[in-house]
Amino acid sequence: MSKPRVAIFDFACCEGCQLQIVNMEEELLDLLTHIEPVEWREAMSESSERYDIAIIEGSITRQQDEERLKLIRSRAKVLIALGACATLGGVNKLANGFDDLNEVKKCVYGDAARMPHLLTGQVKAVSEVVPVDYSVHGCPINAEEFGYVIRCLLRGTTPVIPNFPVCVDCKMRESTCRFEYGEICLGPITRAGCGAPCPAAGMWCFGCRGYVDEPNINGARDVMERYRKTVDDLKSRMALFNTGQEQPHA
Amino acid sequence: MPIVKYITTDQLLVWVNALIAAQTVYGVQAKEQRFAYDALADAADLRLDFDVTILPPKKFFQPLVETIMKFHVDGHYESVTSEEPFIIFGVHPYDVVAIAQMDEVFRANYADTHYLSRRERATIVACDIQNASPSMFAACMGTATVEDGFDILLTKIGDGYVVDVRTAKGEALLVALGDAPDADAGTLARREQFWDDARRFLNKYLLKCKPTDLPALLEDQYEHAIWEHNAGLCYSCGSCNMVCPTCYCFDVQDEVDWTLEKGTRVRKWDSCMLRDFATVAGGHNFRRRREERYRHRFYRKGQYLWQRMGQIACVGCGRCTTACTAKIANPVELYNTLMEG
Ligand code: SF4
Ligand code: SF4
Ligand code: SF4
Ligand code: SF4
Ligand code: SF4
């Protein structure tokens, strides 16, 4: 059986997720015995129009990117969204929260805001433009989970991606809950699978893996009162990664 | 003749260090502002004054993530069990009761060799409660003290500990202790008093009925408004299950390595509060609604296990109450609300 041809494309992002793949070390060699990379800007100079699996990193911010993504989709049998920028729109989506995008651009880029490569519009996750077959969540992704998804793909099985809150991982790690420190943590509504490194390192979960299915956001709003916090406190935390996902009804 | 010694705290440290030198010892240690069981490297890290650990000691018998089988895709497989002996130092009475209950669960019907192999190789050094945890109600549940289910029981009396040895496994640990006097009558009388107090006062919440009344109480409360009300706040985050010493559900998954031919079957803790817990083949979820899952936990604790084994599946440790960020997991508050009708 010939190896599946894999292409990795980056859109608007920091390329930190690709870096996680590059850093897989021995596992990267294992990976390469099973796949043939045909385009991967961060690791090789060749490019190709023929591939089976397309891995998309980054969020979609410009019209020409949407066209490029649609072309990639039409060529690939399987399309994987890699990392929060691709799966959610990521931190880039913060821009969507402003009424006047031109103001944001001027603030970020100054006079360069009119350059053609900065003609950005509303930020979209990959799935808002084309159908996505698999998502590897996180900012950055967890290389172990990426390897697992690829192995499932190679074996023809469906990867089991957690659909329960980060609190499960956090309890397994026996971290003291951030709520006990009087902080708001997004763990109860965020998809697990990361191993809850943030609470273990003394930080609240900022939701980089996106929501679980059916997050109880209305409940979260009511719970805020029990901690003498406000719905705005909660919303300000959710904005970082979850702009455009289901919003709390204030 | 039962062996009941009295040792100083200094002797305790020397003893524990001698045990650590000989075999694996897990003990209660400080973790951030809380406590957790972990491998003990030095007796000085042992905190027998702990209030409660984040996870219960069941994690040593039913590990969070456990490889139970190795397989090859051609159909060959080999079961994996752990054979390493170990000691758990500092198990509170309510957890001793919970372990006994789990032993019964894992022995019933189909004997779970993975659990039992670990359990049989464990020596349990219990320790009476020196500090109450913020949400406990062990006295209400009759679990503030224990009669059996451990190999050794330590009780802090004065500046030292009464060491009460109940089994051959416990006696084996005494070799490392060396010479120590028997506890005298006065010390034992003080221990009786300590137990009496524990059975009366180790409650931060008061259950307004006897634990054995719970099955009947739950009988006609299936439609009570509290289920829906509290479920509105529930995140289905599973924290209340994860920390509970009498929850034992697990999920089994197969994973292949990079050979794509060899793999492992692992079982991980699972939780009935999670949205997809009751999803069966074909995608049907028989506890689809948050309210059904929220209610299920209290019925399982207060009634279902009673019907199966004649035991209440709650030992009053209060871990769920502390762990629930929505503050809706407290069994005492819930059952008392039902009692009000
Ligand atoms: S998800 Fe995070 S790490 Fe990955 S590319 Fe986007 S910003 Fe970078
Ligand atoms: S710290 Fe966050 S993720 Fe961890 S248990 Fe608390 S709320 Fe859940
Ligand atoms: S704990 Fe939260 S923010 Fe941290 S990696 Fe996990 S999902 Fe992302
Ligand atoms: S239900 Fe709560 S209080 Fe009862 S044993 Fe479980 S964690 Fe402890
Ligand atoms: S009762 Fe509390 S701890 Fe349990 S699942 Fe609901 S929110 Fe989580």
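The values are calculated or read from the model by the stated rules, or taken from the named source; none is laboratory data. What you see is a predicted model, and the numbers here were worked out from it, not measured in a lab. FYI the Cβ positions are ideal-geometry reconstructions off the backbone, even for glycines, and counts take in every protein chain you see. Protein only, heavy atoms only, side chains kept; ligands, DNA and RNA dropped before computing areas. Shrake-Rupley method; radii C 1.70, N 1.55, O 1.52, S 1.80 Å.
Per the Debye formula with a single identical scatterer at each Cα and no solvent contribution, what log10 I(q)/I(0) holds for segment B:137-295 at q = 0.09, 0.16 Å⁻¹? Debye intensities relative to I(0), on a log10 scale: -0.59, -1.06. Computed from protein heavy atoms with a 1.4 Å probe, the total accessible area buried between B and A is close to 3600 Å². Put simply, the protein assembly as shown fits an ellipsoid with semi-axes of 49, 29, 23 Å; these come from the alpha carbon gyration tensor as the roots of five times its eigenvalues, largest first. Antiparallel DSSP bridges in segment B:1-122: what percent, to the nearest 5? Here the share of antiparallel DSSP bridges comes out near 60 percent. Less than 5 angstrom separates the built amide H of B:Ile157 from those of B:Val162, all sequence-distant by 5 or more or on a different chain. Within chain B, B:Cys127, B:Cys140, B:Cys209, B:Cys234, B:Cys249, B:Cys272, B:Cys314, B:Cys317, B:Cys324 have no other Cys Cβ under 4.7 Å of their Cβ and so lack a disulfide-compatible partner by this rule. Peptides B:328-334, B:220-226, B:301-307, A:229-235 ranked from most to least packed give B:328-334, B:301-307, A:229-235, B:220-226, packing being the mean of other C-beta atoms within 10 angstrom over each peptide's residues. Note on segment B:149-215: Cα-only Rg and Dmax are 16.2, 49 Å.
Within the listed set A:Gly210, A:Gly202, A:Gly90, the residue fluctuating most in the Gaussian network model of chain A (springs between alpha-carbon atoms under 10 angstrom) is A:Gly202. Sorted largest first, the spans of the alpha carbon positions of segment B:23-146 along the three principal axes are 54, 34, 23 Å. So which of B:Lys31/B:Lys59; A:Lys171/B:Lys262; A:Lys3/B:Lys262; A:Lys235/B:Lys301 end up more than 24 Å apart by C-alpha? Distance filter (> 24 Å) returns A:Lys171/B:Lys262; A:Lys235/B:Lys301. Screening chain B for whole DSSP H helices of 15 Å or more along their axis (Cα) with average Kyte-Doolittle hydropathy at least -0.5 returns B:9-22, B:93-107.
Each other residue within a Cβ distance under 14 Å of A:Glu66 adds +1 if Lys or Arg and -1 if Asp or Glu, for a net charge of +2. Legend note: in chain A, cysteines whose Cβ sits 4.7 Å or more from every other cysteine Cβ are A:Cys14, A:Cys17, A:Cys107, A:Cys152, A:Cys170, A:Cys177, A:Cys185, A:Cys194, A:Cys198, A:Cys205. Using Cα atoms only, what is the angle between the long axis of helix A:217-226 and the major principal axis of chain A, expressed in degrees (0 to 90) to the nearest 10? The helix A:217-226 is inclined about 40 degrees to chain A. Could you work out which residue, out of B:Leu260, B:Leu40, B:Leu19, moves most in a Gaussian network model of chain B, that is, has the largest mean-square fluctuation with Cα springs under 10 Å? Its mean-square fluctuation being the largest, the pick is B:Leu260. Viscosity 0.692 mPa s, temperature 37 °C: give me the Stokes-Einstein translational D for chain A in µm²/s, with Rh taken as the Kirkwood radius over C-alpha pairs. Stokes-Einstein gives a translational diffusion coefficient of 170 µm²/s. Restricting the calculation to Cα atoms, segment A:166-242 shows an Rg/Rh of 0.93 when the hydrodynamic-style radius is the Kirkwood one. For the options B:Ala176, B:Ala189, B:Ala36, a Gaussian network treatment of chain B with springs between C-alpha atoms closer than 10 Å singles out B:Ala189 as fluctuating the most.
In whole percents, the pair-distance distribution calculated for segment B:216-336 from its alpha-carbon pairs, binned every 10 Å from zero, is 12, 40, 31, 11, 5, 1.
For B:Ala185 and B:Ile3, a Förster radius of 22 Å and the Cβ-Cβ distance give a FRET efficiency of 0.90, rounded to the nearest 0.05.
Give the distance, in whole Å, between the Cα centre of segment A:23-85 and the Cα centre of segment B:14-49. Computed from Cα coordinates, the inter-centre distance equals 49 Å. Close amide-amide hydrogen proximity is noted between A:Trp40 and A:Ile8, each under 5 Å apart and 5 or more residues distant or on a separate chain (H modeled in the peptide plane; Pro and chain starts excluded). Fully extending the segment from A:Asp213 to A:Thr157, taken as 0.36 nm per residue of separation minus the present Cα-Cα distance, adds 18.0 nm.
Rule-of-thumb check for chain B: C-alpha Rg over 2.2 N^0.38 Å?
Working: Rg = 21.4 Å, N = 341, 2.2 N^0.38 = 20.2 Å.
Taking N as the residue count of chain B, the ratio is 1.06.
The string of couplings for segment A:135-144 from the Karplus curve (6.51, -1.76, 1.60, θ = phi - 60°) is 10, 10, 7, x, 9, x, 5, 9, 4, 5 Hz, one whole number per residue in order, with x for Gly and Pro.
With R₀ fixed at 30 Å, the C-beta to C-beta distance from B:Glu32 to B:Gln130 puts the FRET efficiency at about 0.90. Each of B:Lys70 and A:Val22 was given a label point 7 Å from its Cα along the Cα-to-Cβ line. The distance between the two points is 3.6 nm.
The residues of the protein assembly as shown have, on average, 45 Å² of accessible surface per residue, using a 1.4 Å probe with all protein chains present. Solvent-accessible surface, computed for protein heavy atoms with a probe of 1.4 Å, shrinks by 20 Å² or more for the following residues of segment A:191-215 when the other protein chains are added to the isolated chain: A:Asp213, A:Glu214. 3J(HN,Hα) along segment B:161-177: 10, 7, 10, 9, 9, 10, 9, 5, 4, x, 4, 4, 6, 5, 3, 6, 7 Hz, from the Karplus curve 6.51 cos²θ - 1.76 cosθ + 1.60 with θ = phi - 60°, whole Hz, x for Gly and Pro. Between A:Asn96 and A:Ala201, the contour length at 0.36 nm per residue exceeds the Cα-Cα span by 34.8 nm.
Here's how it looks for B:Thr123: its modeled amide H is under 5 Å from those of B:Phe86, B:Ile87, B:Ile88, which are all 5 or more places away or on a different chain.
Label positions at B:Ala168 and A:Glu180, each projected 7 Å from the Cα along the C-beta direction, are separated by 4.0 nm. Each label point was placed 7 Å from the Cα along the Cα-to-Cβ direction; for B:Asp49 and A:Glu144 their separation is 3.6 nm.
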